[in-house]
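Below you'll find the structure, written out as structure tokens, and then a few comments.
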Amino acid sequence: MSVRVRIAPSPTGNLHIGTARTAVFNWLFARHHEGTFILRVEDTDLERSKPEYTDNIKSGLSWLGLYWDEGPFFQTERLDFYRQAIQTLLDKGFAYPCYCTSEELETMREIQKANNQAPRYDNRHRNLSSEDIAKFEAQGRKPVIRFKIEDHEQIIWHDLIRGKVSWQGSDLGGDMVIARTPEKDGDRFGQPLYNLAVVVDDIDMNISHVIRGEDHIANTAKQILLYQALGAKVPEFAHTPLILNSEGKKLSKRDGVTSIDDFRKMGFIAPALVNYMTLLGWTSPDTEEIFSLSEAATKFSLERVNKAGAKFDWDKLDWLNSQYLHKLSSEELLPLLIPYWQEAGYQFNLENDHDWLLQLTGLIAPSLTRLTDGVKEAQLFFADGVSLTQEAEEFLTQEGVKEVLKAVITATKSDLASSEANDIIKQITKDLKVKKGLVMRSLRVGLTGELHGPDLIQTWLLLNRKAIDQTRLESTINN
Ligand code: GLU
């Protein structure tokens, strides 16, 4: 059997971390089995679906490296297929028009509530006579179409992650609506609804495995009934665990992140994030934790996906991100840092300053966990002047510090070489009869306003290339 899987996002928001993780598992499963990964945009909710969300979903999947083999297919372009299926279900007696008004449904629910019963449709219009129908039509009522769900029916499937899952028909809320009321006079029914559209698409697209979040389990039970009614083969199902926050609740807006864009803006890079998402619920058979998507694909199986919710671990994501960042060359890292520097308002010329920017990148690279750290780490190289920390200010009052700085100003020149910088430090140590440590610390405070930071000689040389070392030292002395 050839494997065909799909990711079926609804474009009612930006690409969500949960959807992206489901996409990762589908992609890995497809690649492992040399199958096909399909993108289907479920845009039938016309009020909430927006083209910019579709764009965001497509660019988010591509950014993560989750390229699709077929699609994107749009449900709004496939409405005729759903209409045909609804007609078939009506013709075969699996579905029927229901003329209940919203007031009637509301009263039904209130009575159920008063009797401590779960809300459900009581299937009251299942067997309407043609007289009943004529009467409702004459009253101007417009029907929805409901699909019959027998209370006694037991729906059982072998979930590839959760094992045997079984649902009782009576727990599915009564006969389900598969089409809204008609929009135009003369139409038998209106807009097809989610469960019906998904099943029609999965049949048409020959989907072999439906891999999706566990919040869809109840839908799966209903959908299996639809497959059977439509005489189609039921695919395999695998329901992936939810992503939880540190309190064990579903990761949500309140945790500060939901969309893949949020993670990108926070300075995570795609290979690290996608690696982390792979680990959200799956463990590699060799317990390896750092791998590319294609490496993971060779080892991926649904058997190794956990049933339990996957806790989102920020420390682990940070750790992975730093591992990936530290492996990059300056040439690879610089273009990733540039947008963050530009956003911070740092002034530089991409062409003229290219070598200087590369050196700066090399200098700060070991201190980066997220790309956003590059803003703080590079700040002193773009700042107008030196702003002293409190400990640096105190240090400056120590005996000999300002003398050292004056001596550096006298000795320095433009286009300083690393050996010359070291010689100047040695010479001042000798001339002023002070310890080398004092010279180094004074120089660091003079140039950066801080007592700690990246390699001092490199820092000095970078500032020297921009001819801002002397003015910085002077302004520190005059502070
Ligand atoms: N459109 C659904 C969602 O975004 C997915 C449906 C499915 O995967 O079957 O949750």
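Within the assembled protein chains, the solvent-accessible surface assigned to D215 is about 90 Å², based on a 1.4 Å probe. Values of log10 I(q)/I(0) for the chain across q = 0.12 Å⁻¹ run -1.06, by the Debye formula with one identical scatterer at each alpha carbon and no solvent. Which whole-number percent of Cα pairs in the range 362-479 have a distance greater than 21 Å? More than 21 Å apart: 33 percent of the Cα pairs in the range 362-479.
Students often get this wrong, so check it: of K233/K307; K148/K184; K233/K299; K58/K250; K406/K435; K222/K249, which have C-alpha atoms separated by over 19 Å?
Working: K233/K307 26 Å; K148/K184 25 Å; K233/K299 28 Å; K58/K250 24 Å; K406/K435 16 Å; K222/K249 26 Å.
Over 19 Å Cα-Cα: K233/K307; K148/K184; K233/K299; K58/K250; K222/K249.
Annotation: extensible slack from E420 through Q139 equals 91.5 nm (criterion: 0.36 nm per residue apart, minus Cα-Cα distance).
With the helix formula -39500 (n - 2.57) applied to DSSP H stretches of n ≥ 4, the chain reaches a computed 222 nm mean residue ellipticity of -14500 deg cm²/dmol.
Diffusion of the range 253-300 by Stokes-Einstein, at 4 °C in a medium of 1.567 mPa s and with Rh set to the Kirkwood radius over alpha-carbon pairs, works out to 110 µm²/s. Using every pair of distinct Cα positions in the range 121-233, the Kirkwood expression returns a hydrodynamic radius of 15.8 angstrom.
Please go through the range 305-334 and write out the trypsin sites (Lys or Arg not before Pro) that DSSP classes as loop and that have at most 16 other C-beta atoms within 10 Å. Write out the running numbers ahead of the final one.
On the way: sites: K307, K311, K316, K327; in loops: K307.
Within the range 305-334, the qualifying trypsin sites (Lys or Arg not before Pro) (loop, at most 16 other Cβ atoms within 10 Å) are K307.
Dividing the Cα radius of gyration of the range 1-55 by 2.2 N^0.38 Å, with N the residue count, gives 1.24. Extending 7 Å from the Cα toward the beta-carbon at both K265 and K50 defines two label points whose distance is 1.3 nm. Taking the 0 to 90 degree range and rounding to the nearest ten, how far is the long axis of helix 102-114 tilted relative to the main principal axis of the chain, both from C-alpha atoms? On a 0 to 90 degree scale, this one is about 80. The per residue volume of the convex hull around the alpha-carbon atoms of the range 169-214 is 119 Å³. Between F74 and R109, the modelled label-to-label distance comes to 3.2 nm, taking each label 7 Å out from Cα in the direction of the beta carbon.
A cut-off under 11 angstrom between Cβ atoms defines the neighbours of D187, and their net charge, with Lys, Arg +1 and Asp, Glu -1, is +3.
Quick one: work out the % antiparallel among DSSP beta bridges in the chain, nearest 5. Walk me through the intermediate numbers first.
Working: 17 of 31 bridges.
Of all bridge pairs located within the chain, approximately 55 percent are antiparallel.
Grouping the Cα pair distances of the range 23-162 into 5 Å bins from zero gives a pair-distance distribution of 2, 7, 11, 11, 13, 14, 13, 11, 9, 6, 2, 0 percent in increasing distance order.
Mean projected area of the convex hull spanned by the Cα atoms of the range 239-336, taken over all viewing directions: 7.0 nm².
Given labels modelled 7 Å from the Cα in the Cβ direction, how far is it in nm from L358 to F382? About 2.0 nm, to one decimal.
How much accessible area per residue does the chain have, counting only protein heavy atoms and a probe of 1.4 Å, in square angstrom? All intermediate terms of the calculation are to be shown ahead of the outcome.
Values: 23420 Å² over 479 residues.
Accessible area per residue, the chain: 49 Å².
Rounded to the nearest 10 square angstrom, E150 shows an accessible area of 60 square angstrom against a 1.4 Å probe.
Accessible area per residue was computed with a 1.4 Å probe on protein heavy atoms; K250 scores about 110 Å².
How large is Rg over Rh for the range 285-347, taking Rg from the Cα atoms and Rh as the Kirkwood inverse mean of 1/r across Cα pairs? Working shown, then result.
Values: Rg = 16.6 Å, Rh = 14.9 Å.
That ratio equals 1.11.
The values are calculated or read from the model by the stated rules, or taken from the named source; none is laboratory data. Remember, it's a predicted structure, so these values are computed and weren't measured experimentally. All Cβ positions, even for glycine, are placed from backbone atoms using ideal geometry, and neighbour counts span all protein chains on display. The area values use the complete protein model at the heavy-atom level, side chains included, leaving out ligands, DNA and RNA. Shrake-Rupley method; radii C 1.70, N 1.55, O 1.52, S 1.80 Å.
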